Amino acid sequence: MMMRSVVVAAVLVAAGGPAQADGFTLKAKDVPPVKLNGAPGEVRVLIDGKNAKSDKASMVLVELQAGGHFVRPSSKGKAYIYMKRGRVSIGEEAADMSDVIILEDGAAPSIDASARTEMVIVFSPPGAEQALRDGRELPPPTPGAPAKIVRESAVKPIDFLDGKATAWVYNERDAVSVLHLRIPEGTLVSEHSHGGSAELLFIIDGGGDVVIGGQKLVVDPTSAVYVPPGAKHSMIGVGARLNAIQFFTPSGPELSFKGKGN
């Protein structure tokens with residue numbers, strides 16, 4: 001991946017449609033929500049092996065009402081949680097909007113919401129999302145290693161694309177790396193790929209035109225995107241400034257932002 005690598009992929013079929021082999025995008029609002037079984041809230045499965053043929057990670061959007069809680073369905077593997085809005089507590093620790101929570105293998109604590117909360121969650125490896133899609137009851141918490149909370153305020157911003165765009169790299173050298181990207185209108189991200197790493201992306205606000213395999217696609221707020229390993233893609237920001245959360249699995253491409261990779 002070049003340092004200017006950023007966003008997106010090709011089109012993800014609507015929920016329930018046939019999966020394609022090259023890449024996908026899907027709006028969260030187009031995915032029917034499933035009520036959480038055992039807590040006031042709902043979940044939307046955005047990316048997994050069924051709709052995007054993603055075998056490295058899956059992505060879900062969880063919304064909790066104030067006073068609600070969430071426990072990931074399986075403690076197997078790791079979970080990476082971006083706080084899109086709201087506030088939660090995990091034991092004695094608290095996480096706020098724009099923070100990232102990392103749950104280690106074997107740990108599935110209760111995540112308790114003190115306000116209306118939205119969380120973008122990536123499971124690595126995938127699998128836990130199926131229990132949520134099926135509406136199975138949330139399990140009791142599983143003790144394990146303490147959750148790691150990375151606060152965006154503690155992450156040094158990195159300018160790229162000749163200083164036009166900004167990235168916040170929350171973690172590196174992990175099963176999944178998490179980044180926040182901010183890209184201004186009209187900024188071109190030239191064609192590139194990420195080698196053996198898959199990319200999962202969630203658009204917070206703004207949007208852009210994506211070109212993959214000669215096909216132009218449009219992404220905007222709540223679009224979830226899957227880029228398979230090795231897939232070439234490019235993008236140009238359109239309209240308001242683009243804010244997105246980017247996940248690489250396995251990690252590695254994020255090192256280019258810090259001058260540690262290719």
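Every number here is computed from the coordinates shown, using simple stated rules; none is lab data. Treat the numbers as computed from the prediction; the structure is a model and nothing was measured. Heads up, the Cβs are rebuilt from the backbone with ideal geometry, glycines too, and the neighbour counts pull from every protein chain shown.
Using a Förster radius of 22 Å, what is the FRET efficiency between Glu92 and Ala145 based on their Cβ-Cβ separation? Nearest 0.05, please.
Between Glu92 and Ala145 the formula returns 0.90.
Given the rule -39500 (n - 2.57) for each run of at least 4 DSSP H residues, summed and divided by the residues of the chain, what is its mean residue ellipticity at 222 nm, to the nearest 500 deg cm²/dmol?
-500 deg cm²/dmol
In debye, nearest 20, what is the charge dipole magnitude of region 155-258 about its Cα centre with +1 on Lys and Arg Cβ and -1 on Asp and Glu Cβ, if you could check?
Dipole magnitude for region 155-258 comes out near 100 debye.
Tell me the label only: which of (1) 28, 20, 17; (2) 47, 20, 16; (3) 30, 24, 15 is semi-axes √(5λ) of the Cα gyration tensor in Å as calculated from this structure?
Computed from these coordinates, semi-axes √(5λ) of the Cα gyration tensor in Å corresponds to label (1).
May I ask for the percentage of alpha-carbon pairs in region 79-171 that lie more than 23 Å from each other?
Cα-Cα pairs of region 79-171 separated by over 23 Å account for 31 percent.
Can you find, among Pro139, Phe70, Pro126, the residue sitting farthest towards the positive end of the charge dipole of region 32-150, where Lys and Arg contribute +1 and Asp and Glu -1 at Cβ?
Pro126
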